[in-house]
Amino acid sequence: MVRVTTSDIAQGLRNREFILHYQPKASLVTDRIVGAEALARWQRPDGTMLPPATFIEVAEHSGLIKELTMQLLSTLVHDLVGKHLEEGLHFSLNVTARDLEDALVTRAILDAVLQYGLSPTTLELEITETQALQGGASMLWNVQELADVGVGLAMDDYGIGYSSMDTLSQWPFTTIKLDKGIIGRMLDSAKNATIVRSSIRLGHELGLTVVAEGVETPEQHDFLVEAGCKVAQGYLISRPLPLDQFDLFRRDNGKRRGMPIGLVHMAIVDHIQWRRQMVSYVIQRAALPADSPLRQMDGYPAMGVTKCALGAWYVGDGRYFADTPMYQAIDAPHRALHEAGARLIERVRAGAALADMMPLLYECKQASATLIRLLEDLEDEGLAALYAAPPDYSTPPA
Ligand code: C2E
Ligand code: CA
Ligand code: CA
């Protein structure tokens, strides 16, 4: 590997030799490009192009990383401005603990976004857990400030850190990026597959976007679709591309096959959890004296037909299946379920005994059984369609 020195980097910064390549991220739900990760490249005057592995660490140790990050940020903003980007596209930049520890850097990030009229939600910062753990208290403070205005935050290389749960709970992450090593191994054993599936489920329950990195084969793609992963990045979709090629790629959208079938499975599990929470709430409260103030407290699942996770899916990603009879049949039992649930909450609050609430609980159960059967039928049909559709992975390798 080429050895570069601090003064080489300083010189490169003065000459603005660092550029960004963009690796597209594809939605596994809609097939569309939903953004890109910006990756640094060093374009040397002699015509060679150096990968980040040759200079990021040196920049970090020499203290030049902040300058590099700020320069790349300004490049990113310039690359994006005036592009008529579609709503909802996200562009991410990799940052280090040193960057986020410095309020000047995070200020510069905010200023750049605001000055050029970019929506803050267009920008996402990627940081590895190891980096997140290195930073002091000031870092969390700075990050929170960015999160408050809507800048996204992705935990990079998820799955190879050591206390992801703790970091996840303390930081305002909006995305987790499953590490490419884990994605590369997930089809090698049932254990690895389970780890990926449960990580996707965890992200789903925490309301985070889960991005799978390093997706290289159609088999990996299909596994992720089935597991309910929403976004994929990797050579299968495209290598990192220079800006002009990325623009072309973005316009020539929708070549891959998407099928939000894994999300049907998520909806089934969400619904089962909803029903269990309702039943558990009723049984626990019914055991209390009729006049217990605890009976008035919350503890029941999300009410409202579009507020629960199944309902959010129904009016959101689930609309993909809007033309199927199963989808259309879901509405009625779902409404019946919520009506029975609302009546149960009323009865609990009014001090009813469990025996008096059994008919309503039974109604819930019946509506739920109908719902699950419909969702399972939808899932089976979707799976059949996923594996019957001829794949088109015609992206030419760069
Ligand atoms: P990363 O953030 O995990 O970025 C993903 C790396 O995986 C990229 O390498 C990308 O080209 C590569 N990759 C993408 N798809 C596939 C695939 O399907 N298979 C395989 N085997 N690899 C794939 P790259 O561009 O060489 O970047 C390496 C690392 O350098 C990045 O890892 C990131 O940690 C760091 N880096 C890149 N740009 C920046 C930057 O602007 N700032 C900072 N601080 N770090 C950067
Ligand atoms: Ca990254
Ligand atoms: Ca990564």
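This table checks each residue for (1) at pLDDT 95 or above; (2) of a type in the set (F, W, Y).
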position	(1), (2)
G262	no, no
P293	yes, no
A309	yes, no
Y314	yes, yes
A332	yes, no
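Do you know which of the residues in region 140-156 that are away from ligand 3 (no atom under 16 Å from the Cβ) and out of contact with any Phe, Trp or Tyr (no Cβ under 9 Å at 6 or more places or on another chain) is farthest from Q233 (Cα to Cα)? Full working, then the answer.
Start the filter on region 140-156 by keeping residues that are away from ligand 3 (no atom under 16 Å from the Cβ), which leaves 140-151.
Checking which are out of contact with any Phe, Trp or Tyr (no Cβ under 9 Å at 6 or more places or on another chain) leaves us with 141-142, 145-146, 148-151.
Details: W141: 30, N142: 28, E145: 28, L146: 24, D148: 27, V149: 26, G150: 23, V151: 20 Å.
Checked region 140-156; the qualifying residue farthest from Q233 (Cα to Cα) is W141.
Name the residues in region 149-200 that are among the basic types (K, R) and in contact (Cβ under 8 Å) with a residue 12 or more places away in the chain, would you? Before the answer, list the steps.
Start the filter on region 149-200 by keeping residues that are among the basic types (K, R), which leaves 177, 180, 185, 191, 197.
Passing the criteria: K177, K180, R197.
Condition (residue is of a type in the set (F, W, Y) and farther than 20 Å from V34 by Cβ) applied to region 156-165: is it met by at least one residue? If you could, list the steps in order and put the result at the bottom.
So in region 156-165, the residues of a type in the set (F, W, Y) come out as 158, 162.
With farther than 20 Å from V34 by Cβ added as a condition, the list becomes 162.
Among the residues of region 156-165, at least one is of a type in the set (F, W, Y) and farther than 20 Å from V34 by Cβ, which makes the answer yes.
Working only within region 315-341, note down all residues that are over 28 Å from L383 (Cα atoms) and in contact with a Gly (Cβ under 9 Å, 6 or more places away or on another chain).
H338, the sole residue that qualifies.
Just a yes or no: is a residue in region 61-71 aliphatic (A, V, I, L, M), in a loop (DSSP other than H, G, I, E, B) and more than 15 Å from ligand 2 (Cβ to nearest atom)?
Here is the first cut: in region 61-71, the residues aliphatic (A, V, I, L, M) are 64-65, 68, 70.
Narrowing further to those that are in a loop (DSSP other than H, G, I, E, B): 64.
With more than 15 Å from ligand 2 (Cβ to nearest atom) added as a condition, the list becomes 64.
Yes - at least one qualifying residue is present in region 61-71.
Checking P24 against (1) buried (at least 18 other Cβ atoms within 10 Å of the Cβ); (2) assigned to a helix (DSSP H, G or I); (3) at pLDDT 95 or above, which single condition isn't satisfied?
Every listed condition holds for P24 apart from (2).
Return the residue satisfying two criteria in turn: it lies in region 157-175 and is in a loop (DSSP other than H, G, I, E, B) and within 16 Å of ligand 1 (Cβ to nearest atom), and of such residues it is modelled with the lowest pLDDT. Don't jump to the end; show me each part of the working.
Filtering region 157-175 for residues in a loop (DSSP other than H, G, I, E, B) gives 159-163, 171-174.
Filter again for within 16 Å of ligand 1 (Cβ to nearest atom), leaving 159-161, 173.
On the way: G159: 87, I160: 84, G161: 73, F173: 96.
Only one residue fits best here, namely G161.
Could you run through region 133-176 and say how many residues are under 20 Å from A212 (Cβ atoms) and not polar (S, T, N, Q)? Spell out how you get there, then give the answer.
Filtering region 133-176 down to residues under 20 Å from A212 (Cβ atoms) leaves 152-161, 164-165, 167-168, 173-176.
Next, only the ones that are not polar (S, T, N, Q) stay: 152-161, 165, 168, 173, 176.
Residues in region 133-176 being under 20 Å from A212 (Cβ atoms) and not polar (S, T, N, Q): 14 in total.
Can you tell me which of (1) among the hydrophobic types (A, V, I, L, M, F, W, C); (2) assigned to a helix (DSSP H, G or I); (3) at pLDDT 95 or above is the one F91 doesn't meet?
(2)
In region 94-138, what residues are β-branched (V, I, T) and within 16 Å of ligand 3 (Cβ to nearest atom)?
V95, T96, I127, T128, T130
R197 is checked against (1) part of a helix (DSSP H, G or I); (2) in contact with a helix residue (DSSP H, G or I) (Cβ under 8 Å, 6 or more places away or on another chain) and fails just one. What number does that condition carry?
(2) is the only condition that R197 fails.
For (1) part of a loop (DSSP other than H, G, I, E, B); (2) surrounded by fewer than 12 Cβ atoms within 10 Å (Cβ to Cβ); (3) β-branched (V, I, T), each residue gets a yes or a no:
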residue: R295; (1), (2), (3): no, no, no
residue: D298; (1), (2), (3): yes, yes, no
residue: A302; (1), (2), (3): yes, no, no
residue: V305; (1), (2), (3): yes, no, yes
residue: W313; (1), (2), (3): no, no, no
residue: G318; (1), (2), (3): no, no, no
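Residue-by-condition table, conditions (1) assigned to a loop (DSSP other than H, G, I, E, B); (2) under 20 Å from the mean Cα position of the chain (by Cα); (3) modelled with pLDDT of 95 or more:
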| site | (1), (2), (3) |
| --- | --- |
| K177 | no, yes, yes |
| G184 | no, yes, yes |
| L187 | yes, no, yes |
| A193 | no, yes, yes |
| E219 | no, no, no |
| Y235 | yes, yes, yes |
| M259 | yes, yes, no |
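Assess whether A59 counts as being on the phi < 0 side of the Ramachandran plot, at pLDDT 95 or above, of a type outside the set (D, E, K, R) and in contact with a helix residue (DSSP H, G or I) (Cβ under 8 Å, 6 or more places away or on another chain).
Details: on the phi < 0 side of the Ramachandran plot: yes; at pLDDT 95 or above: yes; of a type outside the set (D, E, K, R): yes; in contact with a helix residue (DSSP H, G or I) (Cβ under 8 Å, 6 or more places away or on another chain): yes.
Yes, satisfied.
Within 13 Å of ligand 3 (Cβ to nearest atom) and either buried (at least 18 other Cβ atoms within 10 Å of the Cβ) or aromatic (F, W, Y) (or both), is that true of L178? First the steps, then the outcome.
Values: within 13 Å of ligand 3 (Cβ to nearest atom): yes; either buried (at least 18 other Cβ atoms within 10 Å of the Cβ) or aromatic (F, W, Y) (or both): yes.
Answer is yes for this residue.
The values are calculated or read from the model by the stated rules, or taken from the named source; none is laboratory data. What you see is a predicted model; the values in this text were computed from it and never measured. Cβ atoms come from the backbone with ideal geometry, glycine included; neighbour counts cover every protein chain shown.
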